[in-house]
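Working notes, beginning with the structure itself.
The values are calculated or read from the model by the stated rules, or taken from the named source; none is laboratory data. What you see is a predicted model; the values in this text were computed from it and never measured. Ideal geometry is used to build each Cβ from the backbone, glycine not excepted, and the neighbour counts take in all protein chains shown. The accessibility values were calculated without ligands, DNA or RNA, using every heavy atom of the protein model including side chains. Shrake-Rupley method; radii C 1.70, N 1.55, O 1.52, S 1.80 Å.
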Amino acid sequence: MNSFAFLRAETASEAVKALNTKAQAAFIAGGTNLIDIWKYNLTHPELLVDINRLADCRAIIEKADGGLRLGALVTNADTAYHPLIESRYPLLSKAILAGASAQIRNMATDGGNLLQRTRCYYFYDANAPCNKRVSGSGCAAINGYNRIHAILGASEHCIAVFPSDMCVALAALAAVVNVTGPNGDRNIAFADFHRLPGDQPERDNNLQYGELITSIDLPVKGFEQNYSYLKLRDRQSYAFALVSVATGLELDGDVITEARIALGGVAHKPWRAKEAEELLKGKPATPENFAKAAAVILQGAKGYKHNSFKIELAKRAIIRNGMMALHPQSQRPGAQPSL
Ligand code: SF4
């Protein structure tokens, strides 16, 4: 039996203040991943701060600059089905609906989605060495069964991948994460929110202890005319991505004027290569040009015993998804685009 204190906060500042009274404390919203890892005995908070009553974090609002602000406590389901998200950011809606199950999406919050932990098998096995769980204990995945692991940006200390679908779209959309903490408020560009493992794989992101995500801002540009999210996995529902790709394009005729491509399932963070996006500018949207972009994105990719197939899979997924983005009608459930 683990005993812990529980506090229900009414405001963000109350939540932050409460959490920072303890060295081992956690915020809880939907709890869909926190409760999992707690049951696995991987975390032991002495204080749980319930943030579900933070009214300011519960809405999706239009910003003065034309973008949208997603409150951190809006559920994944409410976000995916919100009329403004469906019409202006369908890439985000599609990515969210590719993740988890309907039940989990009804509970999981947008802020929590950014903070979910890796699904590396060894991370959840308290008997296995895992630098992410116990710093300095080793990495069982590097020489173990590493089918789901990273091909980009890994280190000798950790080859885990970040499992979110929603965050792959947020990376492509260049979202901004708004946080508050003991030292005040700050904004973090999405590309800087999650981190590569380096020699500190226990850190998934660049939040400081005690900081709370309050909202996520979507810039005006939503790529609602030409977008696609492609998720490749071992089974068609309720599975994490082996490789996923979020693509947003702006076109002048068949010429690309702006491209965004982010990959999931391949690294410790959503993977975006701006050089590849630049390469596509001014080029026709063809399989050949997407193949060139894929080669840039996958420069330096490294496979392990069981996951080398992901390198070729990612290349093909980038090409296919680029072409699917030309046919947004292909995004309808069950539609099969002809490429
Ligand atoms: Fe742990 Fe990372 Fe190695 Fe998995 S890949 S066992 S999370 S250190």
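Among residues of segment 122-147 being within 8 Å of the ligand (Cβ to nearest atom) and aliphatic (A, V, I, L, M), the one that is most open to solvent (accessible area, probe 1.4 Å) is Ile142. Considering only residues in segment 19-70 that are of a type in the set (D, E, K, R) and within 21 Å of Cys167 (Cα to Cα), the one that is surrounded by the most Cβ atoms within 10 Å (Cβ to Cβ) turns out to be Arg69. Taken together, the criteria exclude Arg88 from residues that are of a type in the set (D, E, K, R) and under 29 Å from Asn183 (Cβ atoms).
Each residue in segment 142-181 was checked for being under 16 Å from Lys310 (Cα atoms) and aliphatic (A, V, I, L, M), and 9 pass.
Among the residues making up segment 270-310, those that are part of a helix (DSSP H, G or I), over 26 Å from Ala189 (Cβ atoms) and over 23 Å from the mean Cα position of the chain (by Cα) are Pro287, Glu288, Asn289, Ala291, Lys292. Restricted to segment 212-269, the set of strands (runs of 3 or more DSSP E) holding at least 1 residues that are within 26 Å of Cys158 (Cβ to Cβ) and touching a Ser or Thr at 6+ places or on another chain (Cβ under 6 Å) comprises 212-218, 227-232, 255-264. For segment 155-165, indicate whether the set of residues that are open to solvent by 40 Å² or more (accessible area, probe 1.4 Å), within 16 Å of the ligand (Cβ to nearest atom) and part of a loop (DSSP other than H, G, I, E, B) is non-empty. For segment 155-165, residues open to solvent by 40 Å² or more (accessible area, probe 1.4 Å), within 16 Å of the ligand (Cβ to nearest atom) and part of a loop (DSSP other than H, G, I, E, B): present. Filtered by the rule that a residue be without any contact (Cβ under 8 Å) to a residue 40 or more places away in the chain and of a type in the set (Val, Ile, Thr), segment 256-281 gives Ile256, Thr257. Please find, among Leu251, Leu207, the residue that is out of contact with any strand residue (DSSP E or B) (no Cβ under 6 Å at 6 or more places or on another chain), among the hydrophobic types (A, V, I, L, M, F, W, C) and closer than 30 Å to Leu19 by Cα. None of the other options fit; the residue is Leu207.
Only one of the numbered conditions (1) on the phi < 0 side of the Ramachandran plot; (2) surrounded by 14 or more Cβ atoms within 10 Å (Cβ to Cβ) is not met by Gly210, and that is (1).
Return yes or no: is Ala150 more than 14 Å from Ser244 (Cβ to Cβ) and within 16 Å of the ligand (Cβ to nearest atom)? No.
Can you confirm whether Arg119 is open to solvent by 50 Å² or more (accessible area, probe 1.4 Å), within 11 Å of the ligand (Cβ to nearest atom) and under 24 Å from Ile28 (Cβ atoms)? Criteria met by Arg119.
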